[in-house]
1. Which of the residues spanning region 29-45 are out of contact with any helix residue (DSSP H, G or I) (no Cβ under 8 Å at 6 or more places or on another chain) and surrounded by fewer than 24 Cβ atoms within 10 Å (Cβ to Cβ)?
2. Given the conditions (1) among the aliphatic types (A, V, I, L, M); (2) closer than 19 Å to Pro251 by Cβ; (3) in contact (Cβ under 8 Å) with a residue 60 or more places away in the chain; (4) surrounded by 15 or more Cβ atoms within 10 Å (Cβ to Cβ), and given that Ala48 satisfies all but one, which numbered condition is not satisfied?
3. Pairs needed: first member in region 4-32, more than 30 Å from Leu105 (Cβ to Cβ) and β-branched (Val, Ile, Thr); second member anywhere, surrounded by fewer than 11 Cβ atoms within 10 Å (Cβ to Cβ) and at pLDDT below 60; C-beta distance under 6 Å; at least 6 residues apart or different chains.
4. Among the residues of region 70-88, write down those that are closer than 16 Å to Ile147 by Cα and surrounded by fewer than 19 Cβ atoms within 10 Å (Cβ to Cβ).
5. Quick one: count up the residues across region 165-193 that are aliphatic (A, V, I, L, M) and in contact with a strand residue (DSSP E or B) (Cβ under 6 Å, 6 or more places away or on another chain).
6. Residue under question is Pro251, and the condition is that it be out of contact with any Cys (no Cβ under 6 Å at 6 or more places or on another chain), over 17 Å from Arg170 (Cβ atoms) and surrounded by 15 or more Cβ atoms within 10 Å (Cβ to Cβ); does it hold?
7. Keeping to region 213-245, report how many residues are within 16 Å of Met164 (Cβ to Cβ), basic (Lys, Arg) and either touching a helix residue (DSSP H, G or I) at 6+ places or on another chain (Cβ under 9 Å) or surrounded by fewer than 14 Cβ atoms within 10 Å (Cβ to Cβ) (or both).
8. Would you mind telling me which numbered condition in (1) surrounded by fewer than 17 Cβ atoms within 10 Å (Cβ to Cβ); (2) touching a residue at least 24 places away in the same chain (Cβ under 8 Å); (3) polar (S, T, N, Q) Ser174 fails?
Amino acid sequence: MYYQYNLKCKCLNLVYKFSIILFSLEGKVALVTGASYGIGFAIASAFAKAGAKIAFNDLSPEKNKMGVEAYKKLGIDAKGYVCDVTKEEQVKEMIDDIIKTYGHLDILVNNAGIIKRIPMTDMSDSDFRQVIDVDLVAPFIVSKAVIPHMIKLGHGKIINICSMMSELGRETVSAYAAAKGGLKMLTRNICSEYGEYNIQCNGIGPGYIATPQTAPLREKQADGSMHPFDSFIRAKTPANRWGNPEDLAGPAVFLASDASNFVNGHILYVDGGILAYIGKQPK
């Protein structure tokens, strides 16, 4: 930025010069929860390519080890933690160790999540609470743990992985929709409460993404036809395809970088246009 004298108004105008360096994460440290594979892994890998150091967690020691090895194959030296993000003490220990190891923590991605597809009237309260705990309470716990450090640091980026179910309902996902709707509002509230400390909290709402969890929904039927749900998603998506985890990399890097310093409380839907589309007209 620099000031330029304006002869017409006889005043100084602030001139902003764009630089691609704004998108760099060089020197930054990022924690991506639940990032041993899938969406979290793709986001963390993109952060590393943009220059950040990576920490991640998984509930399972086996998946945590698998994640460390997967990052190594990409030339990424990621530090993995076995941590239950619904447990406040475990989260505090993890955050403290990350700061001790790297000196600071600049970026948090609340990615860890679960879904239980059970009709609401058949769902037990314990199943409902488990989904809420992982998908909503955990982001609260981890964000609460990092915000004081980000305030001292003078900056911070929090990205919550929301969902189209932050906006829509669907059969069998009452707990997931409730949690992701709550996460959207938690995102906006963190923005409202801590924006003055130069902390930006935004969300990414993925569309239907091709991951190991959704693989059964994309398998061809015995007669060679598409799975009914696969056909349904393609018909509802203007892009006429499922998203890939890599489709989330660019938006995540943007929201983690200085390029998004005046973007706050926003949910960026990366869904191929599904939320903007009423669906194909029947033939």
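1. Taking region 29-45 and keeping what is out of contact with any helix residue (DSSP H, G or I) (no Cβ under 8 Å at 6 or more places or on another chain), we get 40.
Those that are out of contact with any helix residue (DSSP H, G or I) (no Cβ under 8 Å at 6 or more places or on another chain) and surrounded by fewer than 24 Cβ atoms within 10 Å (Cβ to Cβ): none in region 29-45.
2. (3)
3. Within 6 Å, the pairs are Val15/Tyr2; Val15/Gln4.
4. Just the residues of region 70-88 that are closer than 16 Å to Ile147 by Cα, to begin with: 85, 88.
Hit for region 70-88 is Glu88, nothing else.
5. Residues of region 165-193 aliphatic (A, V, I, L, M): 165, 168, 173, 175, 177-179, 183, 185-186, 190.
Subset that is in contact with a strand residue (DSSP E or B) (Cβ under 6 Å, 6 or more places away or on another chain): 183, 190.
Total meeting the criteria: 2.
6. Details: out of contact with any Cys (no Cβ under 6 Å at 6 or more places or on another chain): yes; over 17 Å from Arg170 (Cβ atoms): yes; surrounded by 15 or more Cβ atoms within 10 Å (Cβ to Cβ): yes.
Answer is yes for this residue.
7. 2
8. (1)
The values are calculated or read from the model by the stated rules, or taken from the named source; none is laboratory data. Values in this document were obtained by computation on a predicted structure and should not be read as measured data. When we count neighbours, we look across all protein chains shown, and the Cβ atoms used for this are built from the backbone with ideal geometry, even at glycine.
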